[in-house]
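Structure, as structure tokens:
The values are calculated or read from the model by the stated rules, or taken from the named source; none is laboratory data. In this text the structure is predicted, and so the values were computed from the model without any measurement. Glycine gets a Cβ as well: all are built from the backbone with ideal geometry, and neighbour counts include every protein chain shown.
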Amino acid sequence: MRALFQLAELRAFLVAAALAGLAESALAVLLGVHVYEIAHDPLNLGWLGLVEAVPAIGLVLVGGAVADRAPRRDLAAGARGVMAVLVAVLALAAPYGGLPLIYGVAFLIGAIRAFEEPSVTGLEAEILPRVGMLHAVSLVAAVSRVSTLAGPVLGGVLFAAIGPAGAYALVACCLAAAALTMRLAIPARPAPPIGAPGREGMFGAIMEGLRYVFTRQVIVGSMALDLFAVFFGGVAGLLPVFADDILHTGPAGVGWLRAAASAGALAAMLVATRHPPRGRAGVVLHLAIAGFGLGIIVFAFSRSLALSMAALAFAGGCDGIGVVIRRAIVRLAAPDALRGRVAAVRGLFLNASNELGDFESGVAASLLGAVPAVWLGGVITLAVVAVTAWRAPKLRRLDLRAMENGRS
């Protein structure tokens, strides 16, 4: 583990990841609380998730192809810099703008993330050593989770203390610092080698990545498990409803609830830095997602902030284990020339599960009520785990030790 910290570019990558994670997780809280403060309707939170998801899903495959043809450091730093400008616009216009402005900026940020996520994933795999990859992946995940632990609390507290304009301004500064750290402290690398002739164009490059993913049961199975479990079991989009109407904690409570989930995930990731899941990683992944579903069910019925935080911490811990395994699969199973596109497909699944999951949660809550929508989502998550274990036996038998040593 000490040898990893001796790598200067890895240290810079971790600093940039921490700053970006802090900013983006705080921004998620700010946008949700701001929308709910204006409209006080869970359906509007669903629309927020949708406007972020549409460009992210629509452009992520293009973003992956670009990340396999352009210098990934410059692409990632540029994306974060543009995000900083957009959030600064929100800060300046917060006293005057309403829902259309918020939705418009959220739409543009979703589009930028379609290019940011594949480039960051590809750059991470370039920086991390293959030997000891599971330890390195766990370290990066843990550092990112620390920032997402602090970010929601910071976002909720700042919104309550200084209002949306000041909170957005601080987020913009963090994003700008992340972009500058990547640009100035990580050495430039040439664009990844193109495995297929360039004459195929963008469409051919995208199709090559899709064919690779959908012919590997371990990759597509892990992505599908993540997609459907989080799509139905995720509760992030409804946290303003639970904090305000059920737990009666206000905007700061949204931050504490998000932080509880991040704290559980962080604990799991810190354990994984020392004891990463290897030999029976497939079984561990299925059990972790099942545990996530159970935690969500408990959260749905809780009327205590302490119990709600404990349930989300447990669910977050289970999700943290799953994150380590899924990140390792993408970094170990994909060749460098395709890694941006594989990460883009993963981003497609991830954005669908998160942003579209927020839309699904908002619609379900408006039709059924927040509590039934959440516990039903947890039950569906358990069913998804059972079906995946049955239909993807190679994923169930996954051995990350063999992949790390280059044997599969």
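Summed over region 237-257, the residues that are closer than 26 Å to ALA142 by Cβ and at pLDDT 80 or above give a count of 5. The conditions are (1) surrounded by fewer than 22 Cβ atoms within 10 Å (Cβ to Cβ); (2) under 20 Å from the mean Cα position of the chain (by Cα); (3) farther than 30 Å from ILE321 by Cα, and LEU170 fails exactly one of them. Which is it? Answer for LEU170: the failing condition is (2). Just one of the listed residues (ILE289, ILE325, ILE329) is hydrophobic (A, V, I, L, M, F, W, C) and farther than 23 Å from LEU123 by Cβ, namely ILE289.
So which of VAL137, VAL153 is more than 13 Å from ALA26 (Cβ to Cβ) and not acidic (Asp, Glu)? Answer to the check: VAL137.
Pick from ALA383, ALA402: which is in a helix (DSSP H, G or I), out of contact with any helix residue (DSSP H, G or I) (no Cβ under 7 Å at 6 or more places or on another chain), at pLDDT below 85 and of a type outside the set (Asp, Glu)?
Only one candidate qualifies: ALA402.
So that you can scan it fast, the table gives a plain yes or no per residue for (1) crowded, with 24+ Cβ neighbours inside 10 Å; (2) in contact (Cβ under 8 Å) with a residue 40 or more places away in the chain; (3) of a type in the set (Ser, Thr, Tyr):
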{"residue": "THR215", "(1), (2), (3)": "no, no, yes"}
{"residue": "PHE228", "(1), (2), (3)": "no, yes, no"}
{"residue": "LEU238", "(1), (2), (3)": "yes, yes, no"}
{"residue": "ALA252", "(1), (2), (3)": "no, yes, no"}
{"residue": "VAL284", "(1), (2), (3)": "no, yes, no"}
{"residue": "ALA310", "(1), (2), (3)": "no, yes, no"}
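All of ALA290, ALA337 fail the test of being over 22 Å from GLY46 (Cα atoms) and at pLDDT 85 or above, apart from ALA290.
Looking only at region 335-350, decide whether some residue is under 20 Å from LEU239 (Cα atoms), crowded, with 24+ Cβ neighbours inside 10 Å and either out of contact with any His (no Cβ under 9 Å at 6 or more places or on another chain) or of a type in the set (Asp, Glu) (or both).
no
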